[in-house]
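Student: Take a look at the following structure, please.
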Amino acid sequence: MSVGRLRYDWQTAEIRAIYNMPLLELIYQAASVHRQFHNPKQIQVCKLISIKTGGCPEDCGYCAQSSRYQTEVKAQALLDKQTVVEIAQNAKEKGVSRVCMGAAWREVRDSSQFDRVLEMVKDVTDMGLEVCCTLGMLTAEQAKRLEDAGLYAYNHNLDTSSDYYSTIITTRTYGDRLNTIENVRQTNVTVCSGGILGLGESVDDRVSMLQTLASLNPHPESVPINILSQVEGTPLENQPDVPIWDVVRMIATARIVMPTSDVRLSAGRARLSQVEQALCFMAGANSIFSSDDKKMLTVTTPCPDYDADQEMLNLLGLEMRPPAQRPNLVGVSNS
């Protein structure tokens, strides 16, 4: 098994063997790979803004924003550009270097709303921040318009394995997700794609998802590892919590098989202690989402705030990573 080398031919059995290593050996191997490709002193702090909340027609079993479920999230119209710019400016002042804008859409439509999103992307990019969008399915032409507006990254998660996917979502296929990623790859916009732990998936499903991501050439520049936030009113509201050891194993395995990618400790981080988060950083996570309002996207996903995260980073002797110096250049690690 070769560790510490950029590969696109990982086999499922190889990745399973990595995931099942003795835990401390796995962390050591992942930490060693991390130091080959990244500055271990730096953590990128990101801010996620829900620019259009709720009312989504899809049936993702985990999602508070689906119109099919009765949750505490209420549908809201697309935010105005000035509000988004003010949130981004506040985030930048707190050390955030990447702002992600999420809209609860199944797919992007060529409309005045998309035009408004393009204006948001341009204005926030002009502030010197990396801008990521997650807007649902996307055509190649729409990806090109986002690139022209200055978009740095596009997020489109696989969520889980191809085999388990239809258990969680029936309103689009796994192929639809991969197709959107391929459309983004026709531009210089970088790809952000990962998954969610705690959906009821098996270890084999986790390994399979990582194998799919690690087979993409180039690898996604960004791989978010999310922990399910159980939302009352959704089909997955009674799922058990994910053990921290599973989170660490997933982060470490992702780090080893996709060594140049940023591995983002994303949703669900609020439930982890500082010690548990430090283990995740040791295992190769080098990005977090922070907030001004203690929520990551909606009220159903708690998130530590800027001050708490600054205190933690200070305690661990870590620093906030600045924005990439060469935006929209695919395949360049920000190490």
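The values are calculated or read from the model by the stated rules, or taken from the named source; none is laboratory data. Given the structure is predicted, the values throughout are model-derived calculations rather than measurements. With ideal geometry, Cβ positions are generated from the backbone for all residues, glycine too; neighbour counts draw on all protein chains shown. Ligands, DNA and RNA are excluded from the accessible area calculation, which covers all protein heavy atoms including side chains. Shrake-Rupley method; radii C 1.70, N 1.55, O 1.52, S 1.80 Å.
Student: Pick out the one residue from Arg109, Arg98, Arg116 that is open to solvent by 60 Å² or more (accessible area, probe 1.4 Å), farther than 11 Å from Ile51 by Cβ, out of contact with any His (no Cβ under 7 Å at 6 or more places or on another chain) and not aromatic (Phe, Trp, Tyr).
Tutor: Arg109
Student: If I go through region 101-121 residue by residue, how many of them are of a type outside the set (Val, Ile, Thr) and in contact (Cβ under 8 Å) with a residue 60 or more places away in the chain?
Tutor: The qualifying residues number 4.
Student: Tally time: how many residues in region 157-199 are open to solvent by less than 50 Å² (accessible area, probe 1.4 Å), of a type outside the set (D, E, K, R) and in a loop (DSSP other than H, G, I, E, B)?
Tutor: 13
Student: Please enumerate the residues belonging to region 175-214 that are among the basic types (Lys, Arg) and either more than 20 Å from Tyr154 (Cα to Cα) or over 16 Å from the mean Cα position of the chain (by Cα) (or both).
Tutor: Those that are among the basic types (Lys, Arg) and either more than 20 Å from Tyr154 (Cα to Cα) or over 16 Å from the mean Cα position of the chain (by Cα) (or both): Arg185, Arg206.
Table: residues versus (1) farther than 19 Å from Tyr62 by Cβ; (2) in contact (Cβ under 8 Å) with a residue 60 or more places away in the chain; (3) of a type in the set (Asp, Glu); (4) open to solvent by less than 10 Å² (accessible area, probe 1.4 Å).
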site: Ala254; (1), (2), (3), (4): yes, yes, no, yes
site: Gly268; (1), (2), (3), (4): no, yes, no, yes
site: Ile288; (1), (2), (3), (4): yes, yes, no, yes
site: Ser291; (1), (2), (3), (4): yes, yes, no, yes
site: Asp309; (1), (2), (3), (4): yes, yes, yes, yes
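Student: Now for a different question. Got a sec? Which of Asp307, Asp293 is part of a helix (DSSP H, G or I) and either of a type in the set (Gly, Ala, Ser) or at pLDDT below 95 (or both)?
Tutor: The unique qualifying residue is Asp307.
Student: Additional query: Of the residues Pro218, Pro224, Pro240, which single one is surrounded by fewer than 17 Cβ atoms within 10 Å (Cβ to Cβ) and touching a Gly at 6+ places or on another chain (Cβ under 6 Å)?
Tutor: Pro218
Student: Could you give every pair whose Cβ atoms fall below 6 Å, whose first residue belongs to region 135-150 and is farther than 12 Å from Asn179 by Cα, and whose second residue is aliphatic (A, V, I, L, M) and assigned to a loop (DSSP other than H, G, I, E, B), counting only separations of at least 6 or pairs across chains?
Tutor: Leu135/Val108; Gln142/Val108; Glu147/Val189
Student: Please specify each residue of region 233-289 satisfying the condition of being assigned to a loop (DSSP other than H, G, I, E, B), farther than 16 Å from Ser32 by Cβ and of a type in the set (Val, Ile, Thr).
Tutor: Within region 233-289, Thr234, Val242 meet the criteria.
Student: Report the residue count in region 135-148 for those that are buried (at least 19 other Cβ atoms within 10 Å of the Cβ) and closer than 20 Å to Ala324 by Cβ.
Tutor: Final tally of qualifying residues: 2.
Student: Of the residues Gln44, Gln29, which is part of a strand (DSSP E or B) and of a type outside the set (Ser, Thr, Tyr)?
Tutor: Only one candidate passes the filter, namely Gln44.
So that you can scan it fast, the table gives a plain yes or no per residue for (1) at pLDDT 95 or above; (2) touching a Ser or Thr at 6+ places or on another chain (Cβ under 7 Å); (3) on the phi < 0 side of the Ramachandran plot:
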position: Arg269; (1), (2), (3): no, no, yes
position: Asn286; (1), (2), (3): yes, no, yes
position: Leu315; (1), (2), (3): yes, no, yes
position: Gly331; (1), (2), (3): no, no, no
